[in-house]
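Step one of this worksheet: look at the structure below.
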Amino acid sequence: MIVIHHTGSPDMDAGAEQIHGWHLGNGWAGIGYHYVIRKDGTIERGRPEWAIDSHAYGENSHTIGIHLSGDFSAVEPTTEQIDRCGALVADICERYGIPFDRAHIVGHGELMATDCPGDNLQALLDDGTIVGKAIFYYNQSHGIEDMSEAPQEQDGSKQAGRGAERFNTVNAVPDWAKPTVEKMIGKGLLQGNGESLDLSLDMLRAFVINDRAGLYS
């Protein structure tokens, strides 16, 4: 699992070395995150990936912590931060076999009572922006065909919601994703009978990548 964090108040472009000093002051063994992404998109290393981190109580032994510098309760993450976050998430997911989905790419506040990573960054998790960026970079690095074009509407079975297409039937699903969706329905991984699926394009991309990785075999 990958856990996303922010600096919090005050809004500042904190670097890994500065955060390391703060966390030493907490009595920890140094910086609690594995990565820090500065406002200009620079990625700085924190703890080594093999080291158990200190960023999500009760979840540290099996997670990678990514910190984006800034107070995203007050400001928006920069375009550079989100772009580099997507690329980093793609790399981590591929190396560790982490599924490209919202169950495995989460905000700190989804695991415990905290305002981290701030409403503005959490919104980019919730609307699929960060997962979508990660999928884009995975596709790009593997020369996978473009999976971003939505099909034409068919019999009202495709809806728009929260700025994204929704696919309710197997017939409405793009051809590149149909075999995966049919497989998942057959294995009971998707509930329903194929008539009320409520799938987004980002979900379909993630399912196909996971299927190609053998996770549904």
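The values are calculated or read from the model by the stated rules, or taken from the named source; none is laboratory data. Everything numeric in this text was worked out from a predicted model, so none of it was measured. Please note: Cβ atoms are built from the backbone with ideal geometry, for glycine as well, and neighbour counts cover all protein chains shown.
For the range 46-65, does any single residue satisfy the condition of being crowded, with 16+ Cβ neighbours inside 10 Å and of a type in the set (Phe, Trp, Tyr)?
No.
Within the range 12-62, which residues are small (Gly, Ala, Ser), under 20 Å from Ile2 (Cα atoms) and without any contact (Cβ under 8 Å) to a residue 40 or more places away in the chain?
Passing the criteria: Ala16, Gly30, Gly32, Gly46, Ala51, Ser54, Ser61.
Do you know which of the residues in the range 92-112 that are among the charged types (D, E, K, R) and free of Cβ contacts under 8 Å to residues at least 24 places away in the same chain is surrounded by the most Cβ atoms within 10 Å (Cβ to Cβ)?
Glu110
Only one of Thr79, Thr114 is under 17 Å from Gly132 (Cα atoms), among the hydroxyl-bearing types (Ser, Thr, Tyr) and out of contact with any Ser or Thr (no Cβ under 6 Å at 6 or more places or on another chain); which?
Exactly one of Thr79, Thr114 is under 17 Å from Gly132 (Cα atoms), among the hydroxyl-bearing types (Ser, Thr, Tyr) and out of contact with any Ser or Thr (no Cβ under 6 Å at 6 or more places or on another chain), namely Thr79.
Considering (1) modelled with pLDDT under 75; (2) farther than 23 Å from Leu124 by Cβ; (3) aliphatic (A, V, I, L, M), say which one Ala164 fails and leave the rest.
Every listed condition holds for Ala164 apart from (2).
Filtering the range 66-87 down to residues that are hydrophobic (A, V, I, L, M, F, W, C) and crowded, with 21+ Cβ neighbours inside 10 Å, which residue is nearest to Ala14 (Cα to Cα)?
So, considering only residues that are hydrophobic (A, V, I, L, M, F, W, C) and crowded, with 21+ Cβ neighbours inside 10 Å, the one nearest to Ala14 (Cα to Cα) is Leu68.
Quick one: which residue in Asp119, Asp127, Asp115 is in contact (Cβ under 8 Å) with a residue 60 or more places away in the chain and of a type in the set (D, E, K, R)?
Asp115
Examine the range 13-36 for a residue that is in the same structural domain as Tyr137 (by TED's automatic domain parsing) and in a strand (DSSP E or B), and state whether such a residue exists.
yes
Has the range 39-61 got any residue that is within 26 Å of Arg102 (Cβ to Cβ) and in a helix (DSSP H, G or I)?
Checked the range 39-61: at least one residue is within 26 Å of Arg102 (Cβ to Cβ) and in a helix (DSSP H, G or I).
For the range 110-120, state whether one or more residues are charged (D, E, K, R) and touching a Pro at 6+ places or on another chain (Cβ under 7 Å).
The answer is no, given that none of the residues of the range 110-120 is charged (D, E, K, R) and touching a Pro at 6+ places or on another chain (Cβ under 7 Å).
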